[in-house]
Amino acid sequence: MHIPDGYLSPSTCAVLYAAAIAGWYSALKRLKRMLLSRVVPLISVFAAFSFVVMMFNLPLPGGTTGHALGVTISAIVLGPSGAVLAISIALAIQALFFGDGGISTLGANCFNMAIVASLVAYASYRLIAAGAAIGSKRRVAAAAIAGYLAVNAAALIAAIEFGIQPALFHDARGMPLYAPYPLGIAVPAMMIGHLTLAGAAEAAISAGLVAYLQAADPTLLRNTAGVLPATETASALMPAATTSLRRLWMAVALLMVLTPLGILAAGKAWGEWSPSELAMRQSAGQTASAAGDSVAPSAPPAGMQRLAKLWTAPFPAYAPSFVKSARFGYLLSAMFAVGILVLVSFAAQFWVQRRREVRHS
Amino acid sequence: MARAGFLTSTMLGFTRALARAMVSEQIARQAGLLQSLDPRVRVIGLFTMVLAVLLSRRIAVIVALFFVAVIIAILSRVGVGMLVKRVWLVVLGFTGVIAFPAIFLTPGDPVAAFAGGPLRITVQGVQTATLLIARVETAVTFTSLLVLCTPWTHVLKALRTFRLPQEAVMLLAMTHRYIFLLVETAGQMFESRQSRTVGLLKGAAGRRITARSAGVLLSKSIELSNEVYLAMQSRGFRGEIRILSDFHMRSWDYLGLAAFLAAGSLSAWVGR
């Protein structure tokens, strides 16, 4: 699947370099959240491992042998960002040092085999293995299917890249200038070998590796295992929860900004009246209508009036007395509330951690 | 049932890769035309030539560029015999198989017909196949010249000066270093497994051996990365990368760069 120089037009190479650069940038940005000193050796050694695994000859049914790509196990152990970088680095060294795969087509090869294959492998593995225990056989099957799908997705993209060449790049007489076959020939020709041998090789090595890791080193499978039972700790390799936590903080911030929208709502939430509001005609009407047109009391109950004086909120009606703007008052109240909740949550976390440490010591 | 041939072929693959790397390093150290140029000029110049090959639409221009590549190879003391074995025959075998059906499948003016007419060789088909083979052979020759005549450390230094992120350069450098260690480790694992294998192995057993060997190698790799991480920390690495760059362009290098750019531009213009 390594496309050599000369099969793709310069403009196709440029577009695929741009796509690959976007993928590399995104992956590098995500991984920079970890310590650089931790990322560099991990990705480097994993890239070297992927390079070596690509050289393994795997016996396949029918007496033939095939080569795996190693992208699926990278996506399962490192996650998509790590796999994109590790496989790209392995492909770059193959091209720049060993002369396998072109220099002009390095972007295309990385896009197909590192980016598309990693994402397909990761997504299909997560989908099929969702909720399965680390030692579950479903994870082995998920790895096999993910490997098969990843290699074939990469092959299909490569076939499309080949197949569009004659339509887009030909001379005045219609003679193709680069890869000569249209999609109708390029796609089946490329896919036959990958749907059989290459896909089977990647499926076999991915399933075998996951089965081996389940028995020998299950911690390596935890990074992309999704939600784990409370008794299982997350992998020390990658901070899997960082993304979801960041999204959560962004959602909280958005909700805080949107809190003044509450001002737009007409009327009052049913049942949340203050004694003075309950006395008002409109509220009385709403109460009566909700209560099946039974007669509303003419005055607030005495017990309610007495209890209402027990506690005065610091921000009554979501606006401290010193704030004149209702919108700003809403925002301030939201920030104050979120701040208190975060403090309480941190305090609870600290207390639980201390209890655990005391218990273990 | 099969002999443990996959173990031998994997080990042969490792040996071949190591041998190729050693030959490249040896050629890169020799005195020659490309070796005398600044690595940045080599990278830019040979990439320009690859681009010129891709941009040219005329077979004659691509063939001319092929001869330019051969002359550069001879002047850089890269053996033509090695290019034939390592590059041209390999590319011809691979691209030839892909290009051959185009002779029949490309619509155009028929030259010869077989099997009563439906199987026809067309002029456009022959030209398409020739163009593809010539283009790929020439482009891969230029790429191979870069790989053969530039030590890996120089390629990395050249990439640094092209504003490639330092993290990426560091990843490339470290990966290259550990590839050889892991190739050696994997080679030893396969060798020891082969020495314990008697008789025939079933296909499933062979697959299990390969997957488990890959698993052991993966565990060793992760362990190695942890050790490297600790070693980097103990040496005070805090994520800041400092690089020594001692390249100096001389007039010879500027001349070489100008020659590459002129040849590339001229070829692209004539071959448009």
Original post:
What single numbered condition from (1) within 12 Å of another protein chain (Cβ to nearest Cβ); (2) farther than 30 Å from B:L65 by Cβ fails to hold for B:S192?
Top reply: (1)
Original post:
Within the bounds of the stretch A:176-192, is there any residue that is surrounded by fewer than 17 Cβ atoms within 10 Å (Cβ to Cβ), without any contact (Cβ under 8 Å) to a residue 12 or more places away in the chain and either among the charged types (D, E, K, R) or within 14 Å of chain B (Cβ to nearest Cβ) (or both)?
Top reply: yes
Original post:
assigned by TED's automatic domain parsing to the domain that holds B:S36, closer than 29 Å to B:L18 by Cα, more than 15 Å from the chain's Cα centre (by Cα) and not in a loop (DSSP other than H, G, I, E, B) - does that describe any residue in the stretch B:113-133?
Top reply: yes
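Identify, from the list B:R177, B:R207, the residue that is at the interface with chain A (Cβ under 9 Å from one of its Cβ atoms) and either in contact with a Gly (Cβ under 8 Å, 6 or more places away or on another chain) or within 18 Å of A:D217 (Cβ to Cβ) (or both).
Result: B:R207 is the single residue among B:R177, B:R207 that is at the interface with chain A (Cβ under 9 Å from one of its Cβ atoms) and either in contact with a Gly (Cβ under 8 Å, 6 or more places away or on another chain) or within 18 Å of A:D217 (Cβ to Cβ) (or both).
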Subject >> Which listed residue is part of a helix (DSSP H, G or I), more than 20 Å from the chain's Cα centre (by Cα) and surrounded by fewer than 17 Cβ atoms within 10 Å (Cβ to Cβ), from B:S192, B:S213 >> reply: B:S192
Original post:
If we keep just the residues of the stretch A:57-94 that are touching a His at 6+ places or on another chain (Cβ under 8 Å) and facing chain B (nearest Cβ under 9 Å), which is modelled with the highest pLDDT?
Top reply: A:I93
Subject >> Selection within the stretch A:154-164 - farther than 16 Å from B:T95 by Cα and either touching a His at 6+ places or on another chain (Cβ under 6 Å) or touching a residue at least 40 places away in the same chain (Cβ under 8 Å) (or both) >> reply: A:A154, A:A155, A:I157, A:E161, A:I164
**OP:** Provide a single number: the residues in the stretch B:166-189 that are modelled with pLDDT under 80 and either surrounded by 17 or more Cβ atoms within 10 Å (Cβ to Cβ) or not assigned by TED's automatic domain parsing to the domain that holds B:G215 (or both).
**Re:** 1
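Looking only at the stretch A:107-119, decide whether some residue is surrounded by fewer than 24 Cβ atoms within 10 Å (Cβ to Cβ), touching a residue at least 12 places away in the same chain (Cβ under 8 Å) and among the hydroxyl-bearing types (S, T, Y). Break it down into steps so the answer makes sense when it comes.
Filtering the stretch A:107-119 for residues surrounded by fewer than 24 Cβ atoms within 10 Å (Cβ to Cβ) gives A:116, A:119.
In the following step, the residues that additionally are touching a residue at least 12 places away in the same chain (Cβ under 8 Å) were identified as A:116, A:119.
Narrowing further to those that are among the hydroxyl-bearing types (S, T, Y): none.
No, the conditions are met nowhere in the stretch A:107-119.
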Subject >> Qualifying positions in the stretch A:165-175 - in a loop (DSSP other than H, G, I, E, B), without any contact (Cβ under 8 Å) to a residue 12 or more places away in the chain and farther than 12 Å from B:A102 by Cβ >> reply: A:D171, A:A172, A:R173, A:G174
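Of everything in the stretch B:58-90 that's of a type in the set (K, R) and over 19 Å from B:L46 (Cα atoms), which residue is surrounded by the fewest Cβ atoms within 10 Å (Cβ to Cβ)? Can you show your working first?
Taking the stretch B:58-90 as the starting set, the residues that turn out to be of a type in the set (K, R) are B:58, B:77, B:85-86.
Imposing the further condition that a residue be over 19 Å from B:L46 (Cα atoms) reduces the set to B:58, B:85.
Details: B:R58: 14, B:K85: 11.
Restricting to residues being of a type in the set (K, R) and over 19 Å from B:L46 (Cα atoms), the top hit is B:K85.
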Subject >> Test set (1) modelled with pLDDT of 90 or more; (2) closer than 30 Å to B:A99 by Cα - A:H2 fails condition number >> reply: (1)
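Out of the residues in the stretch B:91-103 meeting the condition of being part of a helix (DSSP H, G or I) and either touching a His at 6+ places or on another chain (Cβ under 7 Å) or surrounded by fewer than 17 Cβ atoms within 10 Å (Cβ to Cβ) (or both), tell me which one is nearest to the other protein chains (Cβ to nearest Cβ).
Here is the first cut: in the stretch B:91-103, the residues part of a helix (DSSP H, G or I) are B:91-99, B:102-103.
Filter again for either touching a His at 6+ places or on another chain (Cβ under 7 Å) or surrounded by fewer than 17 Cβ atoms within 10 Å (Cβ to Cβ) (or both), leaving B:92-94, B:96-97.
Details: B:L92: 12, B:G93: 12, B:F94: 8, B:G96: 13, B:V97: 11 Å.
Ranking the qualifying residues of the stretch B:91-103, first place goes to B:F94.
Return yes when B:R163 is surrounded by fewer than 18 Cβ atoms within 10 Å (Cβ to Cβ) and in a helix (DSSP H, G or I) and no when it is not.
No.
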Subject >> Where B:H248 falls short, out of the listed (1) assigned to a helix (DSSP H, G or I); (2) loosely packed, with under 12 Cβ neighbours inside 10 Å; (3) modelled with pLDDT under 85; (4) not acidic (D, E) >> reply: (1)
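Yes/no per residue for (1) outside the structural domain of B:G256 (by TED's automatic domain parsing); (2) under 17 Å from the mean Cα position of the chain (by Cα); (3) surrounded by 18 or more Cβ atoms within 10 Å (Cβ to Cβ); (4) of a type in the set (A, V, I, L, M, F, W, C):
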{"residue": "B:L12", "(1), (2), (3), (4)": "yes, no, no, yes"}
{"residue": "B:E25", "(1), (2), (3), (4)": "yes, yes, no, no"}
{"residue": "B:R40", "(1), (2), (3), (4)": "no, no, yes, no"}
{"residue": "B:G45", "(1), (2), (3), (4)": "no, yes, yes, no"}
Subject >> Residues of the stretch A:1-24 satisfying the condition of being on the phi < 0 side of the Ramachandran plot and at the interface with chain B (Cβ under 9 Å from one of its Cβ atoms) >> reply: A:P4, A:D5, A:Y7, A:L8, A:S9, A:P10, A:C13, A:W24
**OP:** Report whether or not A:V40 is free of Cβ contacts under 8 Å to residues at least 40 places away in the same chain, at the interface with chain B (Cβ under 8 Å from one of its Cβ atoms), touching a helix residue (DSSP H, G or I) at 6+ places or on another chain (Cβ under 6 Å) and surrounded by 24 or more Cβ atoms within 10 Å (Cβ to Cβ).
**Re:** yes
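For the stretch A:66-86, name all the residues that are among the β-branched types (V, I, T) and more than 16 Å from A:L149 (Cα to Cα).
Of the residues in the stretch A:66-86, the ones among the β-branched types (V, I, T) are A:71-73, A:76-77, A:84.
Listed by number, the residues that qualify are A:V77, A:V84.
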Original post:
Taking A:L96 and the conditions (1) surrounded by fewer than 20 Cβ atoms within 10 Å (Cβ to Cβ); (2) free of Cβ contacts under 8 Å to residues at least 24 places away in the same chain, which numbered condition does it fall short on, given that it satisfies the others?
Top reply: (1)
**OP:** Could you please give the count of residues in the stretch B:112-151 that are facing another protein chain (nearest Cβ under 7 Å) and free of Cβ contacts under 8 Å to residues at least 40 places away in the same chain?
**Re:** 3
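The values are calculated or read from the model by the stated rules, or taken from the named source; none is laboratory data. Keep in mind the model is a prediction, meaning the values are calculated, not measured. Every residue, glycine among them, receives a Cβ derived from its backbone with ideal geometry; neighbour counts consider all protein chains shown.
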